[in-house]
Structures are given as C-alpha cells and as structure tokens.
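Q: There's a structure below that I have some questions on.
Values in this text are rule-based calculations from the coordinates and carry no lab data. Nothing here was measured: the structure is a model prediction, and the numbers come from that model. Here the Cβ positions follow ideal geometry from the backbone for every residue, glycine too, while neighbour counts run over all protein chains shown.
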Amino acid sequence: MNIFAHPRAKWVGFALIAIALIGLPFALASAGTAWVRIANLAILFTFLSLGLNIVVGFAGLLDLGYIAFYGVGAYVYALLASPHFDLHLPFWVILPIGALVACLFGVLLGAPTLKLRGDYLAIVTLGFGEIVRIFLNNLSQPINITNGPQGISRIDPFSFGSFSFSQNEIILGIDFSGPIKYYYILLVILLLAIVVNLRLQHSRIGRAWEAIREDETAARAMGIDTTRIKLLAFAMGASFGGVAGGMFAAIQGFISPESFVLVESIMVLSMVVLGGMGNVWGVVLGAVLLSFVPELLRYTVEPLQKSLFGRSIIEPEVIRMLLFGLALVLMMLYRPAGLLPSAIRKRELAKTDK
Amino acid sequence: MDIFLQQIINGLTLGSVYAIVALGYTMVYGIIQLINFAHGELVMIGAMVAFTVIGALADTALPPVLIVFAGILAAVPACMLVGYAMERVAYRPLRGAPRLAPLITAIGISIILQHLAMLIWSRNPLAFPQIIPLVRFYIGGAIITGVQIAIILASVLMMGALTLMVYRTKLGIAMRATSQNPQVAGLMGIDINRIISFTFIVGAGLAAVAGVMVGTYYGIAHYSMGALLGMKAFSAAVLGGIGNLAGAMLGGILLGVVEALGAGYIGDLTNNVFGSNYQDVFAFLVLIAVLVFRPSGLLGERVGDRA
C-alpha cells in the first residue's frame with residue numbers, strides 16, 4: 001500500500017512538512033542557537049549539493065573543484081559588501097553578480113576541458129580548485145584584493161533597508177534571533193532551488209544531460225550538441241555554487257581561503273553520492289544527513305570519550321572526515337545509486353498505475 | 001651563485017621523486033584505466049612509517065645510512081600491504097562498474113587514509129631527526145647536497161629495475177599483456193587478478209620509497225603531504241603520456257624542472273607581481289595545457305581511442 005497514492009494524503013503530508021520546517025528553528029533554538037546555525041549551514045550545503053548534482057548527477061561529470069565556485073561567490077560578496085573596498089551593495093544585487101561571476105569561472109574551466117573524458121576532467125577540476133585557492137591566498141600583493149590568508153572580515157549581513165538579518169527582533173511577540181531570520185530566508189531560497197532543479201531535470205536540457213551521462217556517443221548521434229550541453233551543466237552548477245558562497249559570506253561575516261579547500265569539495269560530493277546522484281530529493285536527504293550526523297556525533301562522542309577515557313582520543317573533526325570517506329566508499333560498493341532512488345522509482349510507478 | 005643551475009638541480013631532485021610516484025599512477029592506469037586518487041596517500045604513509053622507525057633508531061649508534069635504510073625497509077612492506085588492501089576492498093569489486101564508481105571510492109579511500117594517519121601520527125608534522133651530516137658539493141656555482149645526489153641516484157636505480165622487470169621478466173610480460181587486453185591475457189592463462197594486485201603492490205613499494213625521499217629532502221612528514229604530491233605526480237604522468245612507463249619518468253623530471261625554474265623566475269618575469277608562492281600552480285597549468293593541446297602526452301599514443 002502506498003499512502004502517497006491518495007490525493008488528499010499528499011497535501012496533508014506537504015502541510016505537515018511545511019509546519020515542521022517552519023517550527024524547526026524554534027525547536028532547535030531551545031537546544032541552543034548553535035543548532036540553528038548548524039541548520040543554516042545544512043541548508044547552505046543542501047543548496048551547494050543541488051548545484052553539484054547538476055554537474056555530477058544530471059550530466060555525469062565528476063567535478064572535484066566545485067568548492068572553487070563557492071569560494072568565488074563568497075569573495076564576490078565579501079568584496080562588494082564589506083569595509084575592505086568600502087562597498088556596501090545590497091545582497092539581492094550581489095547574489096546575482098556572484099552567480100554570474102561563478103558562472104564565468106565555470107565556463108572558463110569548462111570550455112577547454114570538457115572535451116576530456118570523465119576521469120581526466122576530475123583531475124583537472126581538482127587542479128582548478130587548487131589554483132583558485134592559491135590565488136585567493138596570494139592575491140594580497142601587489143594590489144590587495146583578497147587580503148591573503150587573513151581573509152576578509154566584517155562582511156555585511158543580509159538586510160532590507162533597516163531590517164537586518166543579523167539582529168534580534170521581536171515580531172508579533174515572538175523573539176526572532178539573527179540565525180532564525182536567516183533560516184527562513186535560506187529556506188525560501190533553497191525551496192526555489194529545489195523547484196528549479198526539479199523542473200530542470202525533466203526539461204529538454206535535463207533529458208539531454210541524462211542522455212550524455214548514459215552514453216555520450218549515442219547522445220551525439222541523436223543530435224545533441226554535447227560540448228555545449230555539458231558546458232551548460234558546468235555553468236549552471238557553478239552559478240549555484242556562487243550563490244551559496246555569497247550566502248555563506250553573509251551569514252559568517254568572515255571568510256578566508258581556509259574555507260575553500262579540497263576537503264570541502266569532497267564533503268559536498270559525499271552528500272550528493274550518499275543521497276543518490278541525479279535525484280533531487282536524494283541529494284537533499286544526503287546533504288541534511290551529512291550536515292547533522294557529524295554534529296550530533298560531535299555532541300555525543302566527545303563527552304562519551306571524556307567520560308570513558310578521561311580525554312578525547314578521536315577528534316570530532318576526524319570522525320567527521322572518516323564518515324565522509326566511508327560514505328563514499330560504502331555507497332559505491334553497496335548502493336551505488338544512493339539512499340533514495342528506489343523509493344522514488346516506486347512512487348513514480350505508482351503514479352503511472354492510476 | 002648560479003640561480004639557473006641551482007634551480008635545475010633542485011628541479012631534478014624533486015622531478016625524480018615525481019617520476020617515481022608517477023610510475024605508480026601510470027602502471028595502475030595502464031592496467032585497469034583507473035586514476036588511483038589514493039596513490040598520493042601511499043607516499044604519505046611511506047614517509048610516516050619510515051620517520052617513525054628512523055626516529056626510534058636515531059639515538060642508537062648505528063650509522064645514519066643504515067638507519068634510513070631500516071626506515072625504507074619498514075615503509076615498503078607497510079605501503080605494499082595498504083596498496084594491496086586498497087585494491088581488494090575498494091577497486092576490485094567495482095571492476096565492471098561505471099567509471100565514476102571506482103573514482104569516487106578512490107577519493108573516499110584517500111580521505112580515510114589521510115585521517116587514519118592523522119589519528120595514528122597526530123596533526124603535527126613529524127620532523128626528520130638530524131642524523132645525516134650535511135654534505136655539499138659545488139658544481140659551477142651551484143650547490144648539490146648529498147641527499148639530493150642520493151635521491152637522484154636511487155630514483156635512477158629504481159626506474160632501471162622497474163624497466164628491467166616490465167620488459168625482461170615473465171611477470172612483466174604478463175603485466176603488459178594484461179594492460180593490452182585483459183580478456184585475451186586471461187585466456188592465455190594469466191591470472192589477471194594476481195597481476196593487478198601485483199601492479200598495485202609494486203606501485204605502492206615505489207611510493208613508499210618516494211615518501212622517504214621527499215620526507216628526507218624537506219625534513220618533515222605530514223598527514224596531508226600526499227594529496228598535493230599525488231596530484232603533481234599525476235600531472236607528470238599525464239604530461240609524459242599516461243600508461244607509458246618512460247613517459248612517467250620523463251614527465252616527472254620535466255615537471256620538477258619546470259616547477260623549479262618557474263618558481264625561480266616568476267618574480268623577475270612578472271616584475272614581482274607573482275612570487276615563488278605560486279610554485280604549486282605550475283603543475284596544474286602544465287596539466288591543463290597538456291590535456292588541452294596534447295591529451296596523449298609527450299610519449300603517449302593510443303589514448304584517443306580509449307576516450
């Protein structure tokens with residue numbers, strides 16, 4: 001029996017999820033504001049994973065330098081909204097600029113390399129990620145653009161006129177803290193991204209990506225301009241990264257090249273792989289799981305170790321990374337299509353039955 | 001001091017390390033068309049194991065050369081074991097799977113090995129004990145140290161031995177047959193699985209020695225040293241033509257020299273807009289340039305039809 005088969009049950013389900021999502025930050029806030037921040041980062045990483053999913057999941061191109069686009073977006077935001085150059089543009093202007101610049105970088109990387117076969121592409125993107133990081137680290141001379149390893153601080157938060165997303169505010173008798181306000185705007189942006197992704201997947205372009213992923217030669221024979229379509233995937237994925245980077249800069253208020261290292265690219269990749277490459281809901285699940293589980297472990301394993309051995313033997317950071325590595329290996333070995341796809345396919349089958 | 005000659009010497013030293021690591025990439029690629037992302041971690045493990053042994057023996061009265069040799073003797077089997085296990089656990093089950101799958105497990109293995117190493121040896125770099133006396137030779141205004149000479153000599157020896165093994169022994173013939181056509185090689189009575197395992201083991205052994213060499217050269221070993229070195233060595237393998245042994249050697253040495261000259265002269269060339277802190281960029285620029293203009297590499301052939 002499939003409870004989703006009933007038309008009204010579906011809407012009840014949607015309503016329940018909506019209520020849960022709206023109430024979530026307050027529930028988390030009662031456990032500590034840190035958890036709301038974690039939820040915000042989880043949304044950010046979900047957004048990022050959706051972007052990478054376009055490249056890896058839809059088009060089947062392994063991009064190991066994805067975090068570079070995130071970094072580019074973050075730096076665009078930081079440079080246009082901080083005392084560094086004394087520019088303070090509003091966020092709704094900067095985010096599209098960030099998307100555009102990241103997109104340009106995507107094309108820049110993609111244009112010469114997309115003729116290559118998959119595994120070469122992986123290495124080149126990896127190198128590209130490193131190049132971007134090295135430049136971020138060193139472009140403080142002769143003109144100070146990125147401020148080098150110290151990074152850029154005092155970045156403006158999101159704001160509409162005098163309504164700033166970083167301050168506490170009491171609306172209708174409810175106390176909205178900064179992170180909670182961010183949560184809602186991030187959630188709205190994420191929902192938009194999910195809709196875009198779902199629409200993309202079933203569009204003409206989405207089907208072209210799928211065809212290329214399955215068999216590039218056959219796709220070309222069917223009249224698909226493979227290089228252009230692959231470039232499009234790269235550019236779209238990159239712009240997602242750019243927007244996510246901008247949001248990251250605004251939330252954190254501080255960025256440095258440290259946040260855009262290879263390990264971060266691999267983290268995002270693990271999220272996509274765990275949930276199910278090419279499946280939007282799977283990717284969302286993977287990103288949420290891999291954002292929260294390590295934090296849960298941090299708050300449970302750490303005290304447990306202290307009480308058992310009197311000191312911390314395994315750092316939480318190490319556990320986190322081991323988890324990501326294991327996720328990649330075990331998923332590929334035992335469930336290469338990810339956690340979710342079979343359930344989705346079942347649901348699709350149930351729909352066509354009607 | 002002659003900067004040009006000095007950079008050439010430094011480049012040759014690093015280049016021969018790259019060449020040894022690149023051989024591991026290229027052999028594995030040649031035989032199962034897999035980029036073993038975790039190969040760089042083998043270099044790291046080699047360096048870490050060797051440093052642990054060398055550190056433990058440093059206070060004994062043994063001659064320094066013997067101590068370093070003991071370090072190598074410990075590192076090589078350790079890395080071979082890890083290399084073998086890696087292939088068995090992560091790559092063999094995925095041999096028939098889509099290309100993306102083993103690539104992704106390789107990245108996972110790399111992350112796991114890195115952080116296991118961090119658990120075992122801690123976050124802090126291990127320092128190479130000061131046991132080797134600094135020997136310097138002067139040639140034409142440049143300095144070459146004893147360690148540099150040892151590294152270059154050892155690399156040449158290993159490359160020679162490997163070439164002999166691949167082209168003169170029965171095992172080598174089996175390896176080449178497997179890389180040309182696994183199915184047919186299997187029909188000829190070659191145990192494919194054994195040959196593939198063997199390839200990983202040989203590559204891992206080379207990586208272990210490379211780890212000791214690069215660790216001794218820089219004086220430190222670190223849990224994250226493998227990633228960058230691995231990427232550079234891979235670039236070297238591609239530069240020479242991946243799957244091609246002579247190509248890996250040539251590519252490694254060329255890349256080392258390009259990097260050293262680049263780092264030495266970029267300041268002068270760009271009026272100090274870019275400095276030697278951009279050294280790590282060169283390997284990737286070379287990689288991208290090769291892939292764009294000559295994807296088959298300098299000595300490679302037949303890559304086109306594998307695409």
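Q: Order these peptides, A:23-31, B:101-109, by their mean beta-carbon neighbour count within 10 angstrom, highest first.
A: Sorting A:23-31, B:101-109 by mean packing, highest first, produces B:101-109, A:23-31.
Q: How large, in Å, is the range B:164-262 by the Kirkwood hydrodynamic radius built from its alpha-carbon pairs?
A: Details: mean 1/r = 0.0654 Å⁻¹.
Its Kirkwood hydrodynamic radius stands at 15.3 Å.
Q: Report, as an integer, the average count of C-beta atoms from other chains found within 10 Å of each Cβ along A:262-268.
A: 3
Q: Among A:ASN137, A:LEU340, A:GLY51, whose Cα sits farthest toward the positive end of the charge dipole of chain A (+1 at Cβ of Lys/Arg, -1 at Cβ of Asp/Glu, about the Cα centre)?
A: The listed residue farthest towards the positive side: A:LEU340.
Q: Per residue of A:129-141, what is the mean number of Cβ atoms on other protein chains within 10 angstrom of that residue's Cβ?
A: Taking all residues of A:129-141 together, the mean is 3.
Q: Only four residue types carry charge here, +1 at the Cβ of Lys and Arg and -1 at the Cβ of Asp and Glu. Report the dipole size of the range A:7-353 about the Cα centre in Debye, rounded to the nearest 20.
A: 820
Q: Right, something else. What number, rounded to the nearest 500 deg cm²/dmol, is the helix-based mean residue ellipticity at 222 nm of chain B, given -39500 (n - 2.57) per DSSP H run of at least four residues and division by all its residues?
A: Mean residue ellipticity, 222 nm, calculated: -24500 deg cm²/dmol.
Q: Continuing with this model, one more query. Just want the answer: with Cβ charges of +1 for Lys and Arg and -1 for Asp and Glu, which residue in A:MET277, A:ALA42, A:VAL293 is farthest toward the dipole's positive end in chain A?
A: It is A:MET277.
Q: For B:LEU119 and B:ARG92, what is the calculated FRET efficiency with R₀ set at 22 Å and r taken between the beta-carbons, to the nearest 0.05?
A: FRET efficiency, B:LEU119 to B:ARG92: 0.30.
Q: For A:SER203 and A:ARG298, compute 0.36 nm times the residue count separating them, minus their Cα-Cα distance, and round to one decimal in nm. Before the final figure, lay out the partial values.
A: On the way: separation 95, 0.36 × 95 = 34.20 nm, distance 4.11 nm.
My answer for the length gained is 30.1 nm.
Q: While we're here: Gain in length, B:ILE139 to B:LEU5, computed as 0.36 nm per residue apart minus the alpha-carbon separation, to one decimal in nm?
A: Using 0.36 nm per residue and subtracting the Cα-Cα distance, I get 47.4 nm.
Q: Between the range A:248-276 and the range A:59-94, what's the alpha-carbon centroid distance in Å?
A: 13
Q: Compute a Gaussian network model of chain A, connecting alpha carbons closer than 10 Å, and tell me which residue from A:LEU322, A:LEU121, A:LEU340 fluctuates the most.
A: A:LEU322
Q: If you don't mind, there's one more thing I want to ask. Return the FRET efficiency for the residue pair B:VAL184, B:ARG294: r is the Cβ-Cβ distance, R0 is 35 Å, and the value is rounded to the nearest 0.05. Don't skip to the end; give the middle numbers.
A: On the way: r = 30 Å, r/R0 = 0.84.
Result of the calculation: an efficiency of 0.75.
Q: For the ranges A:148-158, B:79-89, A:215-225, B:12-22, what's the packing order if you count other beta-carbon atoms within 10 Å of each residue, average per peptide, and put the highest first? Please report the intermediate quantities before stating the final value.
A: Values: A:148-158: 18.1, B:79-89: 20.0, A:215-225: 13.2, B:12-22: 27.7.
Listed from highest to lowest mean packing, they are B:12-22, B:79-89, A:148-158, A:215-225.
Q: Just need the Rg to Rh number for the protein assembly as shown, please, alpha carbons only, Kirkwood Rh.
A: With Rh from the inverse mean 1/r over Cα pairs, Rg/Rh is 0.99.
Q: Please get the size of the charge dipole for the range A:195-347, origin at its Cα centre, with Cβ charges of +1 on Lys and Arg and -1 on Asp and Glu, quoted in debye to the nearest 20.
A: So the dipole magnitude of the range A:195-347 works out to roughly 560 debye.
Q: Another one. Between A:PHE254 and A:LEU24, what's the calculated FRET efficiency when r is the beta-carbon distance and R0 is 30 Å? Round to 0.05.
A: 0.70
Q: Give me the inter-chain shielding for B:92-100: mean count of other chain Cβ atoms within 10 Å, whole number please.
A: Taking the mean over all residues of the peptide, I get 4.
Q: Placing unit charges on C-beta atoms (Lys and Arg positive, Asp and Glu negative, everything else neutral), compute the dipole magnitude of the protein assembly as shown about its Cα centre in debye, rounded to 20.
A: 1720
Q: Once label points are set 7 Å from the Cα along Cα→Cβ at both A:GLN150 and B:LEU73, what is their separation, rounded to one decimal in nm?
A: 5.3
Q: What's the Cα-based Rg to Rh of the range A:1-157, Rh via Kirkwood?
A: 1.08
Q: Determine one quarter of the surface area of the Cα convex hull of the range A:27-98, which equals its mean projected area, and express it in nm² to one decimal.
A: Mean projected area of the Cα convex hull: 6.8 nm².
Q: Taking springs between alpha-carbon atoms closer than 10 angstrom, which of A:LYS115, A:LYS181, A:LYS230 fluctuates most in the Gaussian network model of chain A?
A: So, out of A:LYS115, A:LYS181, A:LYS230, the one fluctuating most is A:LYS115.
Q: Another question about this same structure. I need two numbers for the range A:7-353: Rg to one decimal and Dmax as a whole number, Cα atoms only, in Å.
A: 20.7, 66
Q: Still on this structure: Tell me the mean residue ellipticity at 222 nm calculated for chain A from its helices only (DSSP H runs of n ≥ 4, each -39500 (n - 2.57), averaged over every residue, nearest 500).
A: -24000 deg cm²/dmol
Q: Could you point to the residue in B:GLY203, B:LEU116, B:GLY140 farthest towards the positive end of the range B:3-223's charge dipole, with +1 and -1 charges on the Cβ of Lys/Arg and Asp/Glu respectively?
A: B:GLY203
Q: Based only on Cα atoms, what Rg/Rh ratio does chain B have, Rh being taken as Kirkwood's radius? All intermediate terms of the calculation are to be shown ahead of the outcome.
A: On the way: Rg = 19.3 Å, Rh = 19.8 Å.
Expressed as Rg/Rh, it is 0.97.
Q: Next question, about the same structure. Direction-averaged shadow area of the convex hull around the Cα atoms of the range A:76-162, nm²?
A: Projected area, direction-averaged: 6.8 nm².
Q: Here's a follow-up. So for the range B:1-71, what percent of the C-alpha to C-alpha distances run longer than 15 Å?
A: In whole percent, the long-distance tail amounts to 68.
Q: Alpha carbon centre of the range A:100-152 versus the range B:1-51: separation in Å?
A: Between the Cα centre of the range A:100-152 and that of the range B:1-51, the gap is 24 Å.
Q: In whole Å, what is the distance between the alpha-carbon centres of the range B:250-271 and the range A:208-246?
A: Going from one Cα centre to the other spans 35 Å.
Q: Can you compute the radius of gyration and Dmax for the range B:30-158, using only the Cα atoms, both in Å?
A: 18.3, 56
Q: Connecting C-alpha atoms closer than 10 Å in a GNM of chain A, tell me which of A:VAL318, A:VAL261, A:VAL132 has the biggest fluctuation.
A: Per the Cα network of chain A with a 10 Å cutoff, A:VAL318 tops the list.
Q: What are the radius of gyration and Dmax of the range A:225-283, computed over its Cα atoms and given in Å?
A: Taking only Cα atoms of the range A:225-283, I get Rg and Dmax of 13.8, 42 Å.
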